[in-house]
Amino acid sequence: MDESTLWNQLCLAEEDVELESPEAAPLEAAKDEELATAIALQPEAAVQITLGREEALRAQAAASAGGAPAARAAEAAQLRGVRVRQLMANFELGISLDLAQLALQAPNAERRGSTLHVRSFNPRYGAILHQSGRVSMHSSGLAEEEARMAAKKLARMVRKCHCAAVTFKRYTVRNVQLAANLPFRLQPESACKVLGALPGFQVLKVTRNAVEVEVKDLGSVLLQSCGLLLTQRSKSIALSLAAMKAVAPSLQECGIWW
């Protein structure tokens, strides 16, 4: 199992606990300026969009309850609680690293085979450092500029505790994943038929509980039967959001409310 798959599963498990825990404190609506800007720049379309985990909690509760409210919700194309789930990026430190020495110098660092794993909880990210100086970073809940600043912070930490010759260069975003909830549950088989018949969409995978659909030039969207949508393989927030907005109108035909 590759690193991206492991990270995906970890984030899914963590978010499920956060969204379902009855003891969780009320969550504030997202104030992510990059996400709000991306929404504002999208072409006008009849898709209602709300931001933040609090909205996601409400949508999840509505989907679980079903009944008339979920049936009415399925009449409008909407994305509730849109939020940045994770961002994956690569960058280089410009020098070769002595990982054994760095493991003793850096905080929250652990040597694993030929790599060094570093974790941070504020901001929240995990990074894998290679001897060549290449770094793979997975951040959780950070927008694009926030993730870039977290990467620079990591580079400064390595420069301070390991070698003054460390630089920060070739930062490249590999994937931005957004999450959103629908206030109704989905039939994956129905979504497969509806979206598969439309131009610009290609069904990649179908299971009993989910369907993954490729949206031309934008990335793919994983649609789960519980009403959770996750973007995959998008290079920016704007592209991820555009992929979600592309599939949302067709999902009205695939809702479950009984």
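Beta carbons within 10 angstrom, averaged per residue: use that to sort the peptides 162-175, 123-136, highest first.
Listed from highest to lowest mean packing, they are 123-136, 162-175.
A103 versus K152, label points 7 Å from Cα toward the beta carbon: distance in nm?
3.1 nm
Placing unit charges on C-beta atoms (Lys and Arg positive, Asp and Glu negative, everything else neutral), compute the dipole magnitude of the range 87-174 about its Cα centre in debye, rounded to 20.
In debye, rounded to 20, the range 87-174 gives about 80.
Do the alpha carbons of any pairs in K205/K235; K169/K235; K193/K235; K153/K245 sit beyond 29 Å of each other, and which pairs?
Correct reply: K153/K245.
Jot down the per residue volume, in cubic angstrom and as a whole number, of the convex hull over the alpha-carbon atoms of the range 87-174.
80 Å³
Readers should treat all values here as calculations from the given coordinates under stated rules, not as data from a laboratory. What you see is a predicted model; the values in this text were computed from it and never measured. Cβ: placed from backbone, ideal geometry, glycine included. Neighbour counts: every protein chain shown.
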